[in-house]
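Student: First the structure, then my questions, so here it is.
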Amino acid sequence: MKYTINLARRSYVNKKALYLGYLLCGIILVVGLLYNASYYFKLRSQINTTESRLAELEEKVLASQGTDIADYSVARYENVLKQIKGANEILNRDSFRWTALLDQMEKVVPSNVKIRSISPDHEKRIIKVACLAKDLKDMKRFLDNLIKSGNYSDVLLLDQAVGKNDTSKAELQFSVELLGAF
């Protein structure tokens, strides 16, 4: 068995070196803090400069348009909303996929049925289709194909009439309304 006894009076921690390390760490932290504070104030100054420049530009734009900030009113706001609604309606009409609709129609139209016109109604979200068929059976097959396609929430037969074509043969004229088309 080996005994170890320490008979030294003081501890072997070099306190001068320890305090010197603390001092260096403190100096580094203070320098970093001062650097970050100066960087913050520089950024704050840039933000203020940018905001003032932006306010000047907005005033120039308003002055060039001949309007004042005080010129805004509820009626003017409503007018702007109408313009936005009109622009959105134009975008909505422009985004209508005619090729997709024609592709769907090509799949469901039987050979003895001819489509005379297709007119979408964007406000009601429906499509009206005017057609010609040789007989009632062809019209029924077309309506059944539209219903089975699952592309529309409802298929409504609006009207039907018997007319004559170019060769004086009787043909069935009818109109269909497709709900939930887009």
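Student: Output yes when any residue across segment 162-181 is surrounded by fewer than 12 Cβ atoms within 10 Å (Cβ to Cβ), aliphatic (A, V, I, L, M) and either closer than 18 Å to T99 by Cα or out of contact with any helix residue (DSSP H, G or I) (no Cβ under 8 Å at 6 or more places or on another chain) (or both), and no when none is.
Tutor: Yes, that holds for at least one residue.
Student: If you don't mind, another one. Please tell me if N151 is touching a helix residue (DSSP H, G or I) at 6+ places or on another chain (Cβ under 6 Å), within 30 Å of I90 (Cβ to Cβ), surrounded by 13 or more Cβ atoms within 10 Å (Cβ to Cβ) and touching a residue at least 12 places away in the same chain (Cβ under 8 Å).
Tutor: yes
Student: Mind listing whichever residues of segment 121-143 are open to solvent by 40 Å² or more (accessible area, probe 1.4 Å) and touching a helix residue (DSSP H, G or I) at 6+ places or on another chain (Cβ under 9 Å)?
Tutor: The one that is open to solvent by 40 Å² or more (accessible area, probe 1.4 Å) and touching a helix residue (DSSP H, G or I) at 6+ places or on another chain (Cβ under 9 Å): E123.
Student: Cβ-Cβ under 9 Å, sequence separation 6+ or interchain: first residue in segment 51-78 and at pLDDT below 75, partner open to solvent by 100 Å² or more (accessible area, probe 1.4 Å) and in a helix (DSSP H, G or I). Which pairs?
Tutor: Listed by first residue and then by second, the contacts come to I69/E58; I69/E59.
The values are calculated or read from the model by the stated rules, or taken from the named source; none is laboratory data. This is a predicted model, so every value here is computed, not measured. We place every Cβ from the backbone using ideal geometry, glycine too, and count neighbours over all the protein chains shown. Only protein heavy atoms, including side chains, enter the accessible area calculation; ligands, DNA and RNA are left aside. Shrake-Rupley method; radii C 1.70, N 1.55, O 1.52, S 1.80 Å.
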